[in-house]
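Enquirer: This is the structure, below, for whatever I ask next.
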Amino acid sequence: MTSTLLTGIGELTTCDDTLEPLLDAAVLIDSDTIAWIGPATSAPAADDSVDLGGRAVLPGFVDSHAHLVFAGDRSAEFAARMAGTPYSAGGIATTVAATRAATDAELRTNLARLAGELLRAGVTTFECKSGYGLDVETEQRSLILAGEVTEETTFLGAHVVPASVTRDEYLTLLTGAMLDACTPHARWIDVFCEQGAFDADESRAVLTAGRERGLGLRVHANQLSQGAGVALAVELGAASADHCTHVSAADIDALADSSTVATLLPLAEFSTRSPYPDARRLLDAGVTVALATDCNPGSSYSTSMPLAIALAVRDMRMTPAEAVRAATCGGAAALRRDDIGVIAPGMRADLVVLDAPSHVHLAYRPGVPIIGQVWRAGVRVG
Ligand SMILES: [Zn+2]
């Protein structure tokens with residue numbers, strides 16, 4: 001066991017109970033775990049010490065919503081959308097065709113590239129969904145490949161109904177043979193509960209079947225319209241309702257009274273030129289909020305958690321401290337993890353060191369590469 005003292009921390013954002021950062025702090029890492037935090041002047045002895053020269057330190061980001069197993073890209077669709085074509089769920093078919101045709105090696109290469117981008121953006125834990133196979137074989141291999149890069153794997157066969165089968169046939173697969181093939185490789189099940197995808201009853205059937213097999217629940221909810229997704233997520237005790245762009249007062253009350261996290265995905269609104277979710281209203285009501293990238297080739301092809309934070313601050317009226325907390329501790333809550341997302345003794349030593357003196361710079365300097373160092377489980381990995 002080796003201990004390392006990180007000292008010279010100008011500002012330590014712990015994302016623990018308080019939003020107030022510690023100034024002139026130190027962090028002691030013992031093996032893969034945080035052993036001590038406090039003022040630099042009273043830091044304990046350690047085998048090694050690293051002087052961070054006044055830089056800001058925060059927990060490694062937790063990206064609780066990403067779609068990374070796919071082939072091809074949809075840059076032409078993006079350009080058309082920016083020229084005025086509206087976003088709809090149907091463009092997924094392009095990616096499904098490319099993903100089914102891709103070899104494991106091709107999918108693995110793309111996945112590794114995106115995982116590398118996430119790491120350089122300060123993300124030390126990420127969730128990864130299937131959902132571009134939409135047949136038993138490709139959904140299963142998508143999850144096997146996802147499992148090579150993260151333990152937070154999510155079965156999203158219920159993304160859209162593919163063109164090759166009827167709606168009834170596909171729902172039978174989703175709650176039967178496809179689910180059976182995918183369950184051993186997934187921790188979570190997710191459903192795109194939206195007009196043009198799956199309605200409330202269909203979504204309930206899919207989620208209930210997943211829950212019966214031991215999977216945790218997540219829902220793509222209320223992205224494009226004020227639908228039934230949030231209410232369903234709360235009703236079924238889902239870990240997270242994701243998007244929450246169009247929510248009613250009743251949805252907000254239900255979230256506030258539940259353990260379901262509202263995961264906001266502002267890079268999707270940015271990339272589809274859509275209205276942002278009302279984060280202020282959710283936070284003021286007492287809802288637990290997470291920020292995630294929604295990285296996917298259709299509606300949000302970005303791995304930049306710092307940009308998501310900047311958008312949350314500028315366009316969703318979160319304070320920089322609230323946005324950082326949502327991108328760390330909030331993401332951990334959305335994945336029901338109690339070992340990451342906070343800098344405190346006993347937590348996994350996942351840290352981001354900014355090339356800046358304060359976490360505020362994440363929003364104050366949008367688009368600037370200020371992620372200086374990334375530590376995961378006590379090892380510097382970026
Ligand atoms: Zn998504």
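The values are calculated or read from the model by the stated rules, or taken from the named source; none is laboratory data. Since the structure is predicted, the reported quantities are computational estimates derived from the model, not experimental observations. Glycine gets a Cβ as well: all are built from the backbone with ideal geometry, and neighbour counts include every protein chain shown.
Enquirer: Determine if the stretch 348-365 includes at least one residue that is closer than 25 Å to residue 159 by Cβ, assigned to a loop (DSSP other than H, G, I, E, B) and in contact with an Asp or Glu (Cβ under 6 Å, 6 or more places away or on another chain). Outline the logic, then answer.
Expert: The initial filter retains those residues of the stretch 348-365 that are closer than 25 Å to residue 159 by Cβ, namely none.
Taking every residue of the stretch 348-365 in turn, none turns out to be closer than 25 Å to residue 159 by Cβ, assigned to a loop (DSSP other than H, G, I, E, B) and in contact with an Asp or Glu (Cβ under 6 Å, 6 or more places away or on another chain).
Enquirer: Name the single residue that is nearest to residue 234 (Cα to Cα) among those in the stretch 259-281 being more than 15 Å from the ligand (Cβ to nearest atom) and surrounded by fewer than 23 Cβ atoms within 10 Å (Cβ to Cβ).
Expert: Taking the stretch 259-281 first, the residues more than 15 Å from the ligand (Cβ to nearest atom) are 259-260, 273, 275-276, 278-281.
Next cut, surrounded by fewer than 23 Cβ atoms within 10 Å (Cβ to Cβ) only: 259, 273, 275-276, 278, 280-281.
On the way: 259: 8, 273: 28, 275: 23, 276: 22, 278: 19, 280: 20, 281: 18 Å.
Among those that are more than 15 Å from the ligand (Cβ to nearest atom) and surrounded by fewer than 23 Cβ atoms within 10 Å (Cβ to Cβ), it is 259.
Enquirer: Right, another one. If we keep just the residues of the stretch 59-108 that are aromatic (Phe, Trp, Tyr) and not in a helix (DSSP H, G or I), which is farthest from residue 129 (Cα to Cα)?
Expert: Out of the qualifying residues, it is 87.
Enquirer: Can you find even one residue in the stretch 160-167 that is within 25 Å of residue 266 (Cβ to Cβ) and within 14 Å of the ligand (Cβ to nearest atom)? Steps first, please.
Expert: Pass one, the stretch 160-167, residues within 25 Å of residue 266 (Cβ to Cβ): 160.
Still in the running and within 14 Å of the ligand (Cβ to nearest atom): 160.
Within the stretch 160-167, one or more residues are within 25 Å of residue 266 (Cβ to Cβ) and within 14 Å of the ligand (Cβ to nearest atom).
Enquirer: Filtering the stretch 283-301 down to residues that are of a type in the set (S, T, N, Q) and surrounded by 23 or more Cβ atoms within 10 Å (Cβ to Cβ), which residue is farthest from the ligand (Cβ to nearest atom)?
Expert: 293
Enquirer: Sticking with this structure for a sec: How do the pairs read when you match residues in the stretch 40-66 that are on the phi > 0 side of the Ramachandran plot with residues anywhere that are outside any helix (DSSP H, G or I) and at pLDDT 95 or above, using Cβ under 9 Å and keeping only pairs 6 or more apart or on different chains?
Expert: Short answer, once both residue conditions are applied: 53/8; 53/10; 54/8; 54/9; 54/10; 54/11; 54/24; 54/357.
Enquirer: Return the only residue of 17, 63, 73 being under 21 Å from residue 243 (Cα atoms) and under 25 Å from the mean Cα position of the chain (by Cα).
Expert: 63 is the lone residue from the list that is under 21 Å from residue 243 (Cα atoms) and under 25 Å from the mean Cα position of the chain (by Cα).
Enquirer: Condition check: away from the ligand (no atom under 16 Å from the Cβ) and either free of Cβ contacts under 8 Å to residues at least 24 places away in the same chain or surrounded by 16 or more Cβ atoms within 10 Å (Cβ to Cβ) (or both). Does residue 255 satisfy that? Reasoning before the result, please.
Expert: Numbers: away from the ligand (no atom under 16 Å from the Cβ): yes; either free of Cβ contacts under 8 Å to residues at least 24 places away in the same chain or surrounded by 16 or more Cβ atoms within 10 Å (Cβ to Cβ) (or both): yes.
When the stated conditions are applied, residue 255 passes them.
Enquirer: Output the number of the condition that residue 129 fails; it satisfies all remaining conditions of (1) under 23 Å from residue 381 (Cβ atoms); (2) in contact with a Leu (Cβ under 6 Å, 6 or more places away or on another chain).
Expert: Of everything listed in (1) under 23 Å from residue 381 (Cβ atoms); (2) in contact with a Leu (Cβ under 6 Å, 6 or more places away or on another chain), residue 129 misses just condition (1).
Enquirer: Limited to the stretch 154-185, what total is found for residues that are in a helix (DSSP H, G or I) and hydrophobic (A, V, I, L, M, F, W, C)?
Expert: 8
Enquirer: Scan 28, 23 and give me the residue that is touching a residue at least 12 places away in the same chain (Cβ under 8 Å), farther than 25 Å from residue 194 by Cα and in contact with a Phe, Trp or Tyr (Cβ under 7 Å, 6 or more places away or on another chain). Give the derivation first.
Expert: On the way: 23 fails: in contact with a Phe, Trp or Tyr (Cβ under 7 Å, 6 or more places away or on another chain).
Within the list 28, 23, the selection yields 28.
Enquirer: Working only within the stretch 302-339, note down all residues that are over 13 Å from the mean Cα position of the chain (by Cα), part of a loop (DSSP other than H, G, I, E, B) and surrounded by fewer than 19 Cβ atoms within 10 Å (Cβ to Cβ).
Expert: 317, 319, 338, 339
Enquirer: I would also like to ask the following. If you go through the stretch 345-368, how many residues are charged (D, E, K, R), surrounded by fewer than 19 Cβ atoms within 10 Å (Cβ to Cβ) and either within 15 Å of residue 14 (Cβ to Cβ) or touching a residue at least 12 places away in the same chain (Cβ under 8 Å) (or both)? Show your work before the answer.
Expert: To start, the set of residues in the stretch 345-368 that are charged (D, E, K, R) comprises 348, 350, 355, 365.
If we keep only those that are surrounded by fewer than 19 Cβ atoms within 10 Å (Cβ to Cβ) too, we end up with 355, 365.
Adding the requirement that they be either within 15 Å of residue 14 (Cβ to Cβ) or touching a residue at least 12 places away in the same chain (Cβ under 8 Å) (or both) leaves 355.
Adding up the residues that qualify gives 1.
Conditions (1) over 30 Å from residue 76 (Cα atoms); (2) modelled with pLDDT of 95 or more; (3) not charged (D, E, K, R), marked per residue:
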{"position": "296", "(1), (2), (3)": "no, yes, yes"}
{"position": "299", "(1), (2), (3)": "no, no, yes"}
{"position": "321", "(1), (2), (3)": "yes, yes, yes"}
{"position": "338", "(1), (2), (3)": "yes, yes, no"}
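Enquirer: Specify which of the listed residues (118, 217) is within 16 Å of the ligand (Cβ to nearest atom), free of Cβ contacts under 8 Å to residues at least 60 places away in the same chain, outside any loop (DSSP other than H, G, I, E, B) and more than 20 Å from residue 96 (Cβ to Cβ).
Expert: On the way: 118 fails: free of Cβ contacts under 8 Å to residues at least 60 places away in the same chain.
The match here is 217.
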